[in-house]
1. Sort out for me the strands (runs of 3 or more DSSP E) sitting completely within the range 99-191 that have 2 or more residues that are under 16 Å from residue 60 (Cβ atoms), of a type in the set (S, T, N, Q) and in contact with a strand residue (DSSP E or B) (Cβ under 7 Å, 6 or more places away or on another chain).
2. Answer yes or no as to whether residue 499 is closer than 14 Å to residue 419 by Cα, touching a helix residue (DSSP H, G or I) at 6+ places or on another chain (Cβ under 9 Å), crowded, with 16+ Cβ neighbours inside 10 Å and assigned by TED's automatic domain parsing to the domain that holds residue 543.
3. Can you pull out every residue in the range 285-310 that is under 13 Å from the mean Cα position of the chain (by Cα) and not in a loop (DSSP other than H, G, I, E, B)?
4. Which residues, taken from the range 605-619, are assigned to a helix (DSSP H, G or I) and in contact with an Asp or Glu (Cβ under 8 Å, 6 or more places away or on another chain)?
5. Checking the conditions here, which among 335, 357 is assigned by TED's automatic domain parsing to the domain that holds residue 480, among the hydrophobic types (A, V, I, L, M, F, W, C) and under 30 Å from residue 76 (Cα atoms)?
6. Return the only residue of 189, 165 being among the aromatic types (Phe, Trp, Tyr), in contact (Cβ under 8 Å) with a residue 40 or more places away in the chain and out of contact with any Ser or Thr (no Cβ under 7 Å at 6 or more places or on another chain).
7. I need the full set of residues from the range 453-465 which are assigned to a loop (DSSP other than H, G, I, E, B) and either outside the structural domain of residue 480 (by TED's automatic domain parsing) or touching a residue at least 24 places away in the same chain (Cβ under 8 Å) (or both), in order please.
Amino acid sequence: MPAARWHPACTELFLGPLSMSIRGETAHQAQPAGRYLPLSEYGVIGDCRSAALVARSGSIDWLCWPNFDSPSVFGRLLDYERGGYFAISPIQPFRTERRYVGSSNVLETTFVTSTGRARLTDAMVAVSEERKRRWLLPLRSLSRLVEGLEGTVEMEVDFSPRPRYGATSPNLERRGLHDAFCQAGQDLYHLRSELPLVVQGSRCRRRFAVRAGEKRRFGLAFNQDAPAAHPAVGDEAELRLSATIEFWDHWSSSLSYAGPYRNTILRSALALKLLAFAPSGAIVAAPTTSLPETVGGERNWDYRYCWLRDASFTVRALYDLGFRVEGDAYVSWMLHATRLTHPALQVVYSIYGESHLPEQEMGQLEGYMESRPVRIGNAADSQFQLDVYGEVMEAIERYYELAGSLDSDTWRLVTGAAELVARQWKEPDHGIWESRGPKQQYVHGKVGAWLALDCAARMARKAGLRADVSGWEDIREEIRTAVLRQGVNRTTGTFVKTLGGSSLDGALLTLPLVGFIAGDDPIMLATIEAVRRELAVGDLVYRYIEAGDRLPRREGAFLTCSFWLVSSLAVAGKLDEAHWLFQRLLSRGNDLGLYPEEMDPATGQFLGNYPQGLTHIALINAALTLQQAESTLTAKSGRTFQVSRRTPGGQ
């Protein structure tokens, strides 16, 4: 059943500033941080080019057009007053029920008031290539349909675009009773309604009633060229909406996974597909920027780019679920992007494979819940991370296993990157968590170097490639020896964060997942227990311990590490515990099955950029690992494994 929640303060929250402007009072006075909604209140819609965050209240508070990394059009998520929004909500207090339509990314929000029920359906138009050839479509478009279900519901549409991260407050221009336009440079925004619209400067609004059986349609189009295609309303809008649902349902039908948690996995796969940039095959880490790792803190980063550290986990998830087209497209983007810096690999690239992502602060925006600064760009583009080489090489190997061959350019990348790792593996790096302090000898990075040489040597031997394969294998074993000698705390018998160090790191949970060590090896078992004891709060796992603190209180628990713990327990043979932990984590998502980057264990508050691709990838891979571990146990024991639903430890 969809989750329901009352919004008794809806009128004050979303109509207060408008009422003030009508009375002639200023609409731009400072608002308390409490005006910001919890991130869990947002759903996401998209068209594989960009994405919008839609609040439970019916307000679109984040949208960047035309692409994920373009400036925002609606940015109230990062500045309540100046950011802009597009709201369709009841006027009176209401509660909501919401869901995605079938196996799609089309969002339905049902408003229940004291006088009736109405449903809002939101979608970014996404249709097949065949339909694109037949239909005249805007460059980007958004469809919003209001339907009366019971009684009568008084509604209001409130359209307040603020392009270029709120720096522009364009005057809206009426063209007929039903259309409103505005322009920012070459960008043209066109709102069309079946109802007459009231334009007041940079704002457009209309109150209306919707009765049972009635429909009210709104379309928003974005164009950069003339002549510009109009947004659709009426029957044409519903045709495009139906085609969008069909597009997503057709994509979802390719899911080949038939094991436990199938519906949950499909929803995470759909979230991952939303983050894919179709023109290049890239997958962004998240569609947002600068959502804080702790409210009021400064760890606010732009995640609208593509991290190579996610490569092998992403490719495994896509291929193992049956999404071969997306997996191949991602590898192709990765190979294109890395050729720009070959043989060195950069940490992060743009959706088009650009390697320079200058970071700057947007001083005009106050940040989510007043968490400054708001940043665009990401200075991690200049960091050195050893683990990237292993993740990229493993992704290429997975592609090679399916394709059966690699072209000459890809082989040059494989050999060049392997030679670079062989020369540089002893150097310190910035680590998977992209520390902006001094480089260190991270154990996870060394294992990434080991993985790079392991994959490269194996591919080269299979292909009969002329390369110094024996040399790579010798250095691979040298790395392994160094990690087992210097990366293990002899007192505790656990892996540690840095060579010769003593602290823990959540990324150590991936060591058995990449084949560096057996999941049931005593060192790994001790590491799992140490992570649960020192980094975990219940089912949630922090990334690391900060100097002087028992736990890293300056950020939330990292959900990817939490799902890595599930996977590491599974490969250790602790399947009851792994399933129990996995089920606990599944309850941590919001009612739409979406997950952030981090979470506050005390409150369950979503933190960091949202929705987070790596979290959903880790969820998918945890389910796949559980299924594979059960199959292995069944093959060894000759009996079918039954998951125990009891709490580990008898709790």
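The values are calculated or read from the model by the stated rules, or taken from the named source; none is laboratory data. Just so it is clear, the structure is predicted and the values come from calculations on it, not from any experiment. Heads up, the Cβs are rebuilt from the backbone with ideal geometry, glycines too, and the neighbour counts pull from every protein chain shown.
1. Working: elements: 107-112, 116-124, 140-160, 179-184.
Correct list: 140-160.
2. Working: closer than 14 Å to residue 419 by Cα: no; touching a helix residue (DSSP H, G or I) at 6+ places or on another chain (Cβ under 9 Å): yes; crowded, with 16+ Cβ neighbours inside 10 Å: yes; assigned by TED's automatic domain parsing to the domain that holds residue 543: yes.
Spelling it out, it is not the case that residue 499 is closer than 14 Å to residue 419 by Cα, touching a helix residue (DSSP H, G or I) at 6+ places or on another chain (Cβ under 9 Å), crowded, with 16+ Cβ neighbours inside 10 Å and assigned by TED's automatic domain parsing to the domain that holds residue 543.
3. Step one: list which residues in the range 285-310 are under 13 Å from the mean Cα position of the chain (by Cα), which gives 285-289, 291, 302-307, 310.
Passing the criteria: 289, 302, 306, 307, 310.
4. Residues of the range 605-619 assigned to a helix (DSSP H, G or I): 613-619.
Residues satisfying the conditions are 613, 614, 615, 617.
5. Details: 335 fails: under 30 Å from residue 76 (Cα atoms).
Result: 357 is the single residue among 335, 357 that is assigned by TED's automatic domain parsing to the domain that holds residue 480, among the hydrophobic types (A, V, I, L, M, F, W, C) and under 30 Å from residue 76 (Cα atoms).
6. On the way: 165 fails: out of contact with any Ser or Thr (no Cβ under 7 Å at 6 or more places or on another chain).
Unique residue meeting the criteria: 189.
7. Step one: filter the range 453-465 for residues assigned to a loop (DSSP other than H, G, I, E, B), giving 464-465.
Once the filter is applied, which keeps residues that are assigned to a loop (DSSP other than H, G, I, E, B) and either outside the structural domain of residue 480 (by TED's automatic domain parsing) or touching a residue at least 24 places away in the same chain (Cβ under 8 Å) (or both), the range 453-465 yields only 465.
Here is a yes/no grid of residues against (1) under 24 Å from the mean Cα position of the chain (by Cα); (2) in a helix (DSSP H, G or I); (3) surrounded by 17 or more Cβ atoms within 10 Å (Cβ to Cβ); (4) at pLDDT below 95:
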site	(1), (2), (3), (4)
229	no, no, no, yes
236	no, yes, no, yes
248	yes, yes, yes, no
251	yes, yes, yes, no
254	yes, no, no, no
259	yes, no, no, yes
263	yes, yes, no, no
266	yes, yes, yes, no
269	yes, yes, yes, no
